[in-house]
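A short write-up of the structure that comes next.
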Amino acid sequence: MSKYWLKVLVVVAALALAGCAQMRSSMPDWMPGSGAVKVSLSGAEEVPPAKTAATGSGSFRLAEDGTLTGSVTTKGVAGAAAHIHVGDKGKNGPVIIPLTKKGDTYTVPEGRKLTAAQIKEFKEGDLYVNVHSAKYKGGEVRAQIQP
């Protein structure tokens, strides 16, 4: 192979790799292997809104096989429990995953898999996470999980 064609091949390969990198950065966060979906919890997102200065943040990751991992950490709230629920933004819904509490961090239990219907709801942004307290039994801080 001549040096000319070797250079052309190297340039084509470099362009192909650059194109793949650009495609990766435009993929939605929920797609397997593409990273985590970040959340920011606040009282304003609760239904009804909670008048609180408490906050929280975290992230969730959906694996190709439906396994959900992730956690949230709160500040300014004496949380009693936390859950992932099914529900559109502005609406309450049933608990699908109780989170495990350790200090101010709440984690998805190891090996927890979403059903096919729940995976669809995750991808459509119809799941939310919230942290409950003694003062706000229905939830003090909440975030919609929006890939």
Q) If you scan the range 106-147, which residues turn out to be of a type in the set (Lys, Arg), farther than 12 Å from GLU46 by Cα and more than 16 Å from the chain's Cα centre (by Cα)? A) LYS135
(Q) What are the pairs with Cβ atoms under 9 angstrom where one residue, in the range 91-115, is among the small types (Gly, Ala, Ser) and the other, located anywhere, is surrounded by 14 or more Cβ atoms within 10 Å (Cβ to Cβ)? Sequence gap at least six, or different chains. (A) GLY93/HIS85; GLY93/VAL86; GLY93/GLY87; GLY93/ASP126; GLY93/LEU127; GLY93/TYR128; GLY103/THR73; GLY111/THR67
Q: Out of the residues in the range 99-143 that are part of a strand (DSSP E or B) and in contact with a helix residue (DSSP H, G or I) (Cβ under 7 Å, 6 or more places away or on another chain), state the one that is nearest to VAL86 (Cα to Cα).
A: LEU127
Q.
Within the range 54-63, does at least one residue satisfy the condition of being farther than 15 Å from ILE145 by Cβ and at pLDDT 95 or above?
A. yes
Q. Listed residues LEU114, LEU127; which is more than 23 Å from VAL77 (Cβ to Cβ) and buried (at least 19 other Cβ atoms within 10 Å of the Cβ)?
A. LEU114
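The values are calculated or read from the model by the stated rules, or taken from the named source; none is laboratory data. Everything numeric in this text was worked out from a predicted model, so none of it was measured. Please note: Cβ atoms are built from the backbone with ideal geometry, for glycine as well, and neighbour counts cover all protein chains shown.
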